[in-house]
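Undergrad: Here you go, one structure.
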Number of protein chains: 2
Amino acid sequence: MAKDNIKIYKGDIIFTKTPDKFESIEGGYILVEGNKIKKICRELDESCKNMEITDFGDKMIIPGFVDLHLHAGQFRNLGLGMDKELLPWLETYTFPEESKFQDTRYAREVYLEFVNALLESGTTRSVIFATLHKEATDILFDLINQSGMGAFIGKVNMDRNSPDYLIENTEESLEDTEYFIKKYANSSELVKFIITPRFIPTCSSELMTGLAELAQKYKVPVQSHLSENTGEINWVHELHPESDNYLGVYDKYGILGQDSAVMAHCVHNDNKEIEIMKKKRVFVAHCPTSNINLSSGTAPVKKYMDNGIDVGIGSDISGGHILSIKDCTAYALQASKIYNMYVDKNSPILKTSEAFYLATKGGGKFFGKVGSFEEEYEFDALIINDRNADKSLEERLQSFIYSGALSDIERRFCAGKEIKKI
Amino acid sequence: MAKDNIKIYKGDIIFTKTPDKFESIEGGYILVEGNKIKKICRELDESCKNMEITDFGDKMIIPGFVDLHLHAGQFRNLGLGMDKELLPWLETYTFPEESKFQDTRYAREVYLEFVNALLESGTTRSVIFATLHKEATDILFDLINQSGMGAFIGKVNMDRNSPDYLIENTEESLEDTEYFIKKYANSSELVKFIITPRFIPTCSSELMTGLAELAQKYKVPVQSHLSENTGEINWVHELHPESDNYLGVYDKYGILGQDSAVMAHCVHNDNKEIEIMKKKRVFVAHCPTSNINLSSGTAPVKKYMDNGIDVGIGSDISGGHILSIKDCTAYALQASKIYNMYVDKNSPILKTSEAFYLATKGGGKFFGKVGSFEEEYEFDALIINDRNADKSLEERLQSFIYSGALSDIERRFCAGKEIKKI
């Protein structure tokens with residue numbers, strides 16, 4: 001084994017390979033070569049005996065969290081407008097705030113604060129909506145790159161049904177999108193561009209067709225919103241009576257299936273939509289905080305999982321009020337209890353391992369081999385000082401998810417490197 | 001005005017007199033004499049001009065939070081056992097943990113940690129279940145007294161349907177209760193004893209009758225649990241087929257109406273129970289986190305408020321996973337959305353002012369004139385450095401409730417005095 005490139009970390013390791021159960025090793029070792037995990041073991045073999053070990057004692061080592069859906073341009077609105085449903089909330093709080101990102105100084109100030117808060121919260125990878133502004137989105141790329149976190153970042157497209165102060169013309173929207181695709185195609189292994197139509201109501205057919213052509217030409221992934229709230233769904237049906245369902249509108253433009261896609265929310269999808277999701281590699285970003293805050297409903301997460309659809313967790317700030325995916329994981333567990341109590345008594349509540357899987361490997365799959373401590377996976381990890389070492393590792397993790405403090409997270413690694421606030 | 005006793009605090013003041021709206025004064029003054037508020041005003045009059053002012057600048061001054069229901073003896077279990085419903089959760093996690101408080105060294109260690117965490121979370125008054133242990137409960141009284149917070153503390157009574165390692169005989173249970181009543185009757189204005197039968201299933205008729213006699217003889221308030229979970233309610237019906245409803249069992253012993261009472265949860269109360277609650281001065285401790293965690297349901301809070309029943313918020317640790325009443329207030333808002341979505345579409349969601357009222361003046365009423373910044377109210381206050389002064393005070397408070405950090409709480413006052421970790 002070439003010793004120079006290998007780093008060895010020791011601690012109380014816990015992660016999920018599959019949703020149904022935890023893998024855990026007390027006082028185990030993770031061998032990392034470059035950005036990837038080479039081996040995970042209970043004991044080191046002879047060849048490692050003289051190598052340097054970073055020993056975290058009885059602290060927990062867990063995979064970094066993955067946030068599959070959030071709006072960086074809404075960071076300053078955290079916790080505001082929580083007495084409204086989706087459409088009035090957009091109009092009163094969200095659109096006015098996003099429009100401020102025309103000012104690059106404001107953008108730099110807020111995005112710097114956001115990037116540090118994201119890193120501090122224990123997220124190592126995220127799929128981000130910026131705003132429609134080109135310069136501000138470039139600033140966000142720079143800052144995320146500096147941080148060492150992994151991300152897909154999208155400049156938002158919106159050319160109809162939007163306020164005068166936050167709208168673009170179709171041609172410019174497409175040109176700007178191609179600019180980002182080209183600029184960030186090969187600039188970083190960790191930070192990439194993602195095509196980001198806001199949602200069907202704000203995107204003309206011309207815009208959607210153009211974005212689909214770009215997705216096809218450059219094989220770029222796509223993110224958007226889907227079936228969040230009944231008011232929104234009715235609006236989509238009014239705008240597109242020709243389509244059977246909401247996801248069908250995206251699909252008819254050909255924007256799905258060129259590369260992978262993330263659809264946020266998926267609270268009210270029908271079985272036909274589930275079929276399209278399976279065929280077209282659509283990930284569900286489950287956003288439990290946002291779905292309660294905006295009275296949207298409760299997504300049938302277990303049904304998606306049982307159908308083999310990839311699911312991860314999204315903070316959806318600022319429809320969601322909490323940036324921490326740890327806290328959103330507790331909310332995902334609670335949302336499954338609400339779903340079981342009120343929507344379908346036959347749908348079992350999520351096990352802690354299932355929710356943790358969604359928050360790590362489930363969403364991590366969108367980035368490749370991310371979110372687990374298996375061989376060949378990128379080493380994204382958090383070191384947790386939970387002061388609970390008298391309990392079992394599974395209990396410690398559950399207690400951290402529900403009741404831990406962000407200050408319990410002592411160190412953070414992404415793709416093999418330690419990352420720190422910028 | 002006798003200047004020597006008066007303290008003047010200046011800042012951005014926000015509180016609720018009534019549930020329906022906030023009262024706020026930017027850059028306002030609160031004049032405190034001893035433990036009580038003498039005056040609250042926008043401008044100081046001449047008589048105050050030369051008095052010293054503690055100026056908190058544009059930080060918020062809000063009432064301290066009131067926690068109407070929590071189990072100090074379950075503090076170490078925070079976030080554990082969240083995959084179980086009430087009865088198996090008690091058996092697997094709660095009873096074994098509470099039994100450890102027989103060891104006074106363990107009790108002192110955990111209670112010290114608990115008291116500091118409670119204070120840090122912004123709670124200034126609380127209604128506390130200790131455990132059944134006499135010495136450990138005395139330790140908790142000492143520590144809460146040292147902290148300067150206000151509290152009702154109860155030694156738990158349980159003499160049936162409990163594990164061998166956590167049960168007492170009836171006589172001793174009553175003797176110990178009388179010991180606490182006498183010892184703490186006049187020992188402190190802030191920290192008092194409350195009679196605490198665990199819940200009907202663990203208390204024999206003899207015990208309940210004895211406790212009722214003590215409540216009557218000494219005019220001591222009572223706390224217990226009511227109609228939390230369907231499994232529990234069915235059990236009460238089996239044990240007491242003679243009674244129409246759960247609250248009726250408490251009532252027939254004569255334990256209600258001697259002084260005030262707090263009943264935790266009240267998720268599934270019927271209209272007859274609501275009538276008893278009105279007549280017998282029963283406060284509802286609404287515990288939204290716990291009720292989701294243990295799949296108990298969602299309490300009809302708005303219905304209680306409309307019926308003129310006093311309601312406050314309880315963290316119910318460790319059925320609840322969060323000690324902070326600020327966070328529980330966000331959950332109360334969310335629980336009202338769940339209730340509106342799934343239980344009764346005609347029941348409006350709580351306004352932010354309503355939820356904040358419950359968390360301050362609503363629960364505060366159990367302590368007298370507590371939880372508001374009106375004249376003659378005791379001065380319980382938190383100084384919040386929310387760094388959001390560009391927003392309106394109502395927006396700032398909403399944002400703090402949903403998304404603020406506990407570290408935003410810079411200073412804490414209870415009954416006119418600043419309180420700090422011990």
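Undergrad: Counting Lys and Arg as +1 and Asp and Glu as -1, each charge on the Cβ, what is the dipole of chain B about the Cα centre in debye, to the nearest 20?
TA: It comes to approximately 880 debye.
Undergrad: Still on this model: List the relative contact order of chain A as a percent without decimals, with contacts defined as Cα pairs under 8 Å and 6+ residues apart.
TA: 22
Undergrad: What does the accessible area per residue of the protein assembly as shown come to in Å², with a 1.4 Å probe and no ligands, DNA or RNA counted?
TA: On a per-residue basis, 36 Å².
Undergrad: Which of A:156, A:343, A:110 moves the most in a Gaussian network model of chain A with Cα springs under 10 Å?
TA: Residue with maximal mean-square fluctuation among A:156, A:343, A:110: A:343.
Undergrad: In debye, nearest 20: dipole of the range A:209-286 around its Cα centre with unit charges on the Cβ of K, R (+) and D, E (-)?
TA: 440
Undergrad: Let me ask another. In chain A, if the dipole is taken from +1 on Lys/Arg beta carbons and -1 on Asp/Glu beta carbons about the Cα centre, which of A:166, A:145, A:5 is farthest to the positive end?
TA: About the Cα centre, the residue reaching furthest to the positive side is A:5.
Undergrad: Calculate how many DSSP beta bridges within the protein assembly as shown are antiparallel, expressed in % of all such bridges and rounded to the nearest 5.
TA: Around 45 percent antiparallel, to the nearest 5.
Undergrad: Sorted by accessible area with a 1.4 angstrom probe, largest first, how do A:93, B:179, B:184 fall?
TA: Highest to lowest solvent-accessible surface, that is B:179, A:93, B:184.
Undergrad: Please say if the range B:86-149 is rounded, prolate or oblate, where rounded means a/c under 1.5 for a ≥ b ≥ c the square roots of the C-alpha gyration tensor eigenvalues, and otherwise the choice is prolate for a/b larger than b/c and oblate otherwise?
TA: oblate
Undergrad: Going by a 1.4 Å probe on protein heavy atoms, which residues of the range A:382-418 end up with at least 40 Å² less accessible surface in the whole assembly than in their chain alone?
TA: Residues meeting the cut-off: A:391, A:395, A:398, A:402, A:403.
Undergrad: Still on this structure: To the nearest 100 Å², how much accessible surface do chains B and A cover up together, summed over both, with a 1.4 Å probe?
TA: 2800
Undergrad: Rounded if a/c is under 1.5, else prolate if a/b is larger than b/c, else oblate: which is the range B:65-367, with a ≥ b ≥ c the root eigenvalues of its Cα gyration tensor?
TA: Taking the square roots of the gyration eigenvalues as a ≥ b ≥ c, the range B:65-367 is rounded.
Undergrad: Put a label point 7 Å from Cα along the Cβ direction on residue A:146, then list its distances to the equivalent points in the other copies in nm, shortest first.
TA: 4.6
Undergrad: Taking beta carbons within 10 Å but only from partner chains, what does the mean come to for residues B:257-268?
TA: Counting Cβ atoms of other protein chains within 10 Å of each residue's Cβ and averaging gives 0.
Undergrad: Straight-line reach from residue A:272: which aspartates and glutamates fall under 16 Å, measuring Cα to Cα and dropping same-chain residues less than 8 apart?
TA: The qualifying aspartates and glutamates are A:242, A:244, A:251, A:306.
Undergrad: Taking the Cα atoms only, what angle lies between the long axis of helix A:104-120 and the longest principal axis of chain A, rounded to 10 degrees?
TA: Between the helix axis and the principal axis of chain A, the angle is about 40 degrees.
Undergrad: Relative to the longest principal axis of chain B, what angle (0 to 90°, nearest 10) does the C-alpha long axis of helix B:230-239 take?
TA: Helix B:230-239 sits at roughly 50 degrees to that axis.
Undergrad: Using helices alone, what [θ] at 222 nm do you get for chain B, with -39,500 (n - 2.57) per DSSP H run of 4 or more residues, divided over all residues and rounded to the nearest 500?
TA: So the calculated ellipticity at 222 nm is -9500 deg cm²/dmol.
Undergrad: Mean-square fluctuation check for chain A, GNM, Cα pairs under 10 Å: which of A:320, A:27, A:150 is largest?
TA: A:27
Undergrad: Given points 7 Å out from each Cα along the Cα-Cβ axis, report the residue A:36 to residue B:54 separation in nanometres with one decimal.
TA: Label-label distance for residue A:36 and residue B:54, simple model: 6.0 nm.
Undergrad: To test your reading of the geometry: what angle, between 0 and 90 degrees and rounded to tens, separates the Cα axis of helix A:325-338 from the longest principal axis of chain A?
TA: 70
Undergrad: A follow-up question, please. Once neighbouring chains are kept in place and the probe is 1.4 Å, which whole percent of the accessible area of the range B:65-367 is contributed by carbon and sulfur?
TA: So the carbon and sulfur contribution to the accessible surface is 45 percent.
Undergrad: Here's a follow-up. So which residue of B has the beta-carbon closest to the axis that swings B onto A, and how many whole Å away?
TA: B:342, 2
Undergrad: Please label the shape of the range B:143-186 as rounded, prolate or oblate, based on the square roots a ≥ b ≥ c of the eigenvalues of the alpha-carbon gyration tensor (a/c under 1.5 means rounded; beyond that, a/b larger than b/c means prolate, else oblate).
TA: Oblate shape, in that a/c is at least 1.5 and b/c is the bigger or equal ratio.
Undergrad: Roughly how many Å is it from the Cα centre of the range A:354-422 to that of the range B:118-184, as a whole number?
TA: 38
Undergrad: Of the candidates A:40, A:13, A:128, which one comes out as most mobile in a Gaussian network treatment of chain A with C-alpha springs shorter than 10 Å?
TA: A:40
Undergrad: Can you say what percent of the DSSP beta bridges in chain B, counting only those with both residues inside, are antiparallel? Round to 5.
TA: Here the share of antiparallel DSSP bridges comes out near 45 percent.
Undergrad: Which listed residue (B:116, B:102, B:350) has the Cα farthest towards the positive end of the charge dipole for chain B, taking +1 on Lys and Arg C-beta and -1 on Asp and Glu C-beta about the Cα centre?
TA: The listed residue farthest towards the positive side: B:350.
Undergrad: Moving on. Evaluate peptide A:326-333: per residue, the Cβ atoms of other protein chains within 10 Å of its Cβ; return the mean as an integer.
TA: 2
Undergrad: A further question on this structure: Just name one of B:241, B:406, B:385: the one whose Cα is farthest towards the positive end of the charge dipole of chain B (beta-carbon charges, Lys/Arg +1, Asp/Glu -1).
TA: Of the options given, the answer is B:385.
Undergrad: To the nearest 20 Debye, how big is the dipole of the protein assembly as shown about its Cα centre, given +1 on the beta carbon of each Lys and Arg and -1 on that of each Asp and Glu?
TA: Here the size comes out at about 540 debye.
Undergrad: At 0.692 mPa s and 37 °C, plugging the Kirkwood radius over alpha-carbon pairs of the range B:30-138 into Stokes-Einstein gives what diffusion coefficient in µm²/s?
TA: Stokes-Einstein gives a translational diffusion coefficient of 188 µm²/s.
Undergrad: Moving on. Would you kindly derive the ³J(HN,Hα) couplings of the range B:58-71 from the backbone phi angles with the Karplus curve 6.51 cos²θ - 1.76 cosθ + 1.60 (θ = phi - 60°), listing them in order in whole Hz, with x for Gly and Pro?
TA: So the J values, rounded to whole Hz, are 9, 6, 7, 10, 10, x, x, 7, 10, 9, 8, 6, 7, 10.
The values are calculated or read from the model by the stated rules, or taken from the named source; none is laboratory data. In this text the structure is predicted, and so the values were computed from the model without any measurement. In this analysis, Cβ positions are derived from the backbone assuming ideal geometry, glycine residues included, and neighbour counts consider all displayed protein chains. These area figures cover heavy atoms from the full protein model, side chains too; ligands, DNA and RNA do not enter into them. Shrake-Rupley method; radii C 1.70, N 1.55, O 1.52, S 1.80 Å.
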